[in-house]
Each structure stands twice: as structure tokens, then as C-alpha cells.
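All remarks here apply to the structure that follows.
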Amino acid sequence: MPELPEVETVRRGLQPVLEGARLVKVEARRPDLRFPLPERFSERLAGKTITALGRRAKYLTMHVDDGPVLICHLGMSGSFRVENPETSDIPGVFHHERSKSSAHDHVVFDVVSPSSVRSRITFNDPRRFGFMLFAEGAPDAHPMLAGLGVEPTGNALDSSLLASLLKGRRAPLKAALLDQRLIAGLGNIYVSEALWRAGLSPLREAGTLAGSGKKAREQSERLAQAIRSVIADAIAAGGSSLRDYVQADGSLGYFQHSFAVYDREGEPCPKPGCGGHIDRIVQSGRSTFYCRTCQR
């Protein structure tokens, strides 16, 4: 499933095309994705101007004038394709095969920019785990977004906040970091990478980082910095290209070339002077990759 950096990359790819554009036509080619599309879906969007394209955790939010906010989730295989209707080319360089079948093109947005440039934005989702829903009021009050934790971007997630979130939690550290009620948008890949950068074991009790001693404070600071930096680095690299993820322009991300531990079972740990190797374990049904030697 695309994680926060992938979704942010999609948002940045769509933003220049969509913000300020008018939705000339919205075509729903099926009545549902993961969930049924909202009633009067096309009718309530057509003719509206897109005022902002946002992101909350792994969700995209499309704000329109005098209308509902559209909440989008990519699911396992969803992607947006940006095309000029006068050509059949899709911008971007493809390094892996992706779905090109029109049978998986489920929602089509025809837009025109303030400078009268026409574009077509197509949502393609072979597995149909993605969804589109309306928020009638503030998006953060919608059931899908309500209760989400702090974003792992910017400086809001510092050592003090992280320690307060983890205080008293006896769950393994990795499980706590994947709890979307604490930190919104962190997924399996980037938690593994952040824990390696911070030198912390995914198996240790989460609450050990919330102690009052100097060591706990140093560990929470290292982890907060690692989380922010790994997310920032992944966004700058365009995300990862695991499985079916593609950017808005059809190209694939490159952060997977920088993975230190994820999907590198048996390989030497890249940390200078470590001498260990990468192990794979299963936690709550998900693969965890880490170095037993330098992550404590």
C-alpha cells in the first residue's frame, strides 16, 4: 500500500494540474470502488473549481468551491494518470509494467485550467481497494480522518511529543509507531527505516522511550529526528516504487534504492563499523527488517 511519501508525491504531481482548474466533466465508470461512490457523485463535482489539493496521512483531499470535500485513498494499487486529451502518451519513464487496461480506469476527471489548458485525470485501480468519499464539513471530522494522530512531517513531531505518545505503552516499539492514532501516515517501510537510523530495536517496549532519564530522552530525540528525516528523504526521492505504486505523471519513485534495511534480509548492515546483517521477523503479520547488532 502506498505510504505517506508516495501519497504526498501524488499530491505534488496533481497539484499544478488541478488547483484552480474547473471540473468540466466527472465520469464514474462503475458505482463503487472499495465502497460505493457517493450519491450524485459526478453531478455534485461537475462545474466546480478546485480550490486546493491537500493530504492528511495517506488520504488525498480535493477541495472545491461551494461543494463537498472529496477524500481519496489509493488502496493497494490505485494511481492517478495525467494525460493531455490530444495525445495518447503518458508522461514519465516506466521502469516496471503497470496497468494500462481501460477496464481499470474507474473515475475520470476532465478539467480545464485558468489558462484554458485541458487535461484528463484518470483514477486506475485494478484491485479496487481505493475509495472516494465526500466530507460535507471539515475533512478532519469525517470518520476516515477523525482520530488520526500527528503528522510525521515538519517540526511538530519532536522528542517531547513522541515521548508523551509512547508513555506507558507496553507494545513493541514498531507496533506503536504504526498506530495511526498516534502518528498518522507512518507505514511498514518507513518505520523499519526510521528505527534503523535511530539505532532502536523494533522489539523493545515502546514506553521505554518515555522515561525521565537522559538515555530515554536521547533515544526519543534520535527517533523523532529519524522519522522526520526518512519521510523527508523519501518525499524528495519521489517515494518508493514497490509493487503497483506510480507517481501522478506515471513515473516510478526511487527511494527503494536507498533502503538500508527494508527487504534486505541477509545482507550486511550498511551502518559503518557495525559488522552485523539484516534479519527479517514477522510482527503482527508484517515483515520487519532490522539489524540485531546495532539496533538495541
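Nothing in this text is a laboratory measurement; each read-out follows from the coordinates by a stated rule. All figures in this text were calculated on a predicted structure; none of them were measured in a lab. For neighbour counting, all protein chains shown are included, and Cβ atoms are generated from backbone atoms with ideal geometry for every residue, glycine included.
Residues in segment 112-130 near a label at F35, defined as backbone nitrogen under 20 Å from the 7 Å Cα→Cβ point? It comes to 123-130, nothing else. Of all stretches in the chain that contain no GluC sites (Glu not before Pro) in a DSSP loop with at most 11 other Cβ atoms within 10 Å, the longest one is 137-296. Straight-line cross-link reach from K58 at under 21 Å between alpha-carbon atoms covers these lysines, not counting any fewer than eight positions away in the same chain: K174. What is the angle, in °, between the Cα long axis of helix 4-18 and the longest principal axis of the Cα atoms in the chain? Nearest 10 is fine, range 0 to 90. Helix 4-18 sits at roughly 30 degrees to that axis.
Normalised Debye scattering of segment 4-141 at q = 0.09, 0.15, 0.22 Å⁻¹ gives log10 I(q)/I(0) of -0.24, -0.70, -1.72, counting only Cα atoms as equal scatterers and leaving out solvent. Extension gain, D65 to A141, is 25.5 nm, computed as 0.36 nm per intervening residue step minus the present C-alpha separation.
One Cα centroid belongs to segment 213-227, the other to segment 155-185; the line between them spans 12 Å. Quote the FRET efficiency, to the nearest 0.05, computed for S212 versus Q15 with a Förster distance R0 of 30 Å and r equal to the Cβ-Cβ distance. After rounding to 0.05, the efficiency reads 0.10. Remark: the E43-V112 segment gains 23.1 nm on full extension, using 0.36 nm per residue and subtracting the alpha carbon distance. Largest GNM mean-square fluctuation across G285, G211, G266, computed for the chain with C-alpha springs under 10 Å, falls on G285. So, counting K/R as plus one and D/E as minus one, what does the shell of residues with Cβ under 13 Å around G54 add up to? Local charge sum for G54: +1. Helix 188-198 axis versus longest C-alpha principal axis of the chain: approximately 40°, rounded to the nearest ten. Projecting label points 7 angstrom from Cα along Cα→Cβ for F129 and K25 puts them 3.2 nm apart. Between E265 and R292, the contour length at 0.36 nm per residue exceeds the alpha carbon distance by 8.5 nm.
Taking amide hydrogens as placed 1.01 Å from N in the peptide plane, the amide H of G187 sits under 5 Å from those of L4, each at least 5 positions away in sequence or on another chain. Going by alpha carbons, how many degrees (0 to 90, nearest 10) lie between the helix axis of 214-236 and the longest principal axis of the chain? Once rounded, the angle reads 30 degrees.
Projected label points at S160 and A232, each 7 Å from Cα along the beta carbon direction, are separated by 2.0 nanometres.
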